[in-house]
Amino acid sequence: MIYFCPTPIGNLGDISLRTIEILKSVDIIYAEDKRVTLKLLNHFDINKELRTYHKFNEAGMSEKIIEHLDDKDIALVTDAGMPGISDPGSVLVKKLIEENIDFRVLPGANAALTALVLSGLDTDHFTFYGFTGSKSNSRKKEFESLKDLKFTLIFYEAPHRIKDFLQDVYEVFGERKISISREITKVFEETIRSTTSEILEKDIVEKGEFVIVLEGNNEEKVYDIKSLLEEELKSGKKKSQAVKEVSKKFNLPKNDVYKESLDL
């Protein structure tokens, strides 16, 4: 069996009893960085063979791991958090599914969900986006594709880019509620809740990985239904087809669209 084991994102006490049991029972542990994982294993008095599995060797190592599964139990860990979520792991998961090989994913520490609850923003519906492009132009393009979503948005960002990131957030998303958390579960854990304009004036310590939680778009769009219908009619559609198309495209009540069409 192969187990995907989440590891603490800061406080070592956040590791689960089941994860400790699995790490003690397997034959081999594949780690993103053996030096980081060794500190964790030493803390819990676990002595196992360590091998490397990271984003630069995922494809090749995934094949080797599958070969070992004939007679070995294996655990895969990353430096912190859930394997496969902004960390290596998803390539191996896909290969296991393709080859119809059973595997287990253990629950555990996750920075995104912790920061979401800390933010006080809507937790009923949210989108985890993770890291964006490192350059402002590419980052803004990604933001443009997200700005109409009504769900809470969750991003990851490195400390040296956090101020530029927040500036781009304000320029694209406008005024919204925002929460940024860093060093989650660690000694200097900090969460700042503000608005996208006011947070630019805050004194932000540029240390530790950041999780940014942003309010979804709560503006109600107002459509000029007649203009939309006219565009459909110009393309050669019949009035009934135009009503159906506008209603579907813009998620508008069909009766409302129909009433507007009577004046055309």
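Given the condition closer than 22 Å to Lys221 by Cβ, of a type in the set (Asp, Glu) and at pLDDT 95 or above, answer yes or no: does some residue in region 127-143 qualify?
So far as region 127-143 goes, yes, one or more of its residues are closer than 22 Å to Lys221 by Cβ, of a type in the set (Asp, Glu) and at pLDDT 95 or above.
Yes/no per residue for (1) out of contact with any Phe, Trp or Tyr (no Cβ under 6 Å at 6 or more places or on another chain); (2) at pLDDT 95 or above; (3) assigned to a loop (DSSP other than H, G, I, E, B); (4) open to solvent by less than 40 Å² (accessible area, probe 1.4 Å):
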| position | (1), (2), (3), (4) |
| --- | --- |
| Tyr30 | no, yes, no, yes |
| Thr37 | yes, yes, no, yes |
| Leu41 | yes, yes, no, yes |
| Lys55 | yes, no, yes, no |
| Met61 | no, no, no, yes |
| Glu67 | yes, no, no, no |
| Asp70 | yes, no, yes, no |
| Leu76 | no, yes, no, yes |
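Within region 9-22, identify whether any single residue is exposed (fewer than 13 other Cβ atoms within 10 Å of the Cβ) and either of a type in the set (Gly, Ala, Ser) or within 24 Å of the chain's Cα centre (by Cα) (or both), and answer yes or no.
For region 9-22, residues exposed (fewer than 13 other Cβ atoms within 10 Å of the Cβ) and either of a type in the set (Gly, Ala, Ser) or within 24 Å of the chain's Cα centre (by Cα) (or both): present.
When you check Gly174 against the structure, is it on the phi > 0 side of the Ramachandran plot and in contact with a strand residue (DSSP E or B) (Cβ under 6 Å, 6 or more places away or on another chain), yes or no?
Spelling it out, it is not the case that Gly174 is on the phi > 0 side of the Ramachandran plot and in contact with a strand residue (DSSP E or B) (Cβ under 6 Å, 6 or more places away or on another chain).
If you check Lys221, Lys237, Lys226, which single one turns out to be more than 38 Å from the chain's Cα centre (by Cα), assigned to a loop (DSSP other than H, G, I, E, B) and over 30 Å from Ala158 (Cβ atoms)?
That would be Lys237, the only listed residue that is more than 38 Å from the chain's Cα centre (by Cα), assigned to a loop (DSSP other than H, G, I, E, B) and over 30 Å from Ala158 (Cβ atoms).
Can you tell me which condition Lys34 does not meet? The list is (1) within 24 Å of Thr132 (Cα to Cα); (2) in contact with a Leu (Cβ under 9 Å, 6 or more places away or on another chain); (3) of a type in the set (Lys, Arg), and all the others hold.
Evaluating Lys34 over (1) within 24 Å of Thr132 (Cα to Cα); (2) in contact with a Leu (Cβ under 9 Å, 6 or more places away or on another chain); (3) of a type in the set (Lys, Arg) leaves (1) as the failure.
The values are calculated or read from the model by the stated rules, or taken from the named source; none is laboratory data. Keep in mind it's a predicted model, so treat the numbers as computed, not measured. As a convention, Cβ positions derive from the backbone with ideal geometry for all residues, glycine included, and neighbour counts pool all protein chains shown. Please note that ligands, DNA and RNA were not included when accessible areas were found on the heavy atoms of the full protein model with its side chains. Shrake-Rupley method; radii C 1.70, N 1.55, O 1.52, S 1.80 Å.
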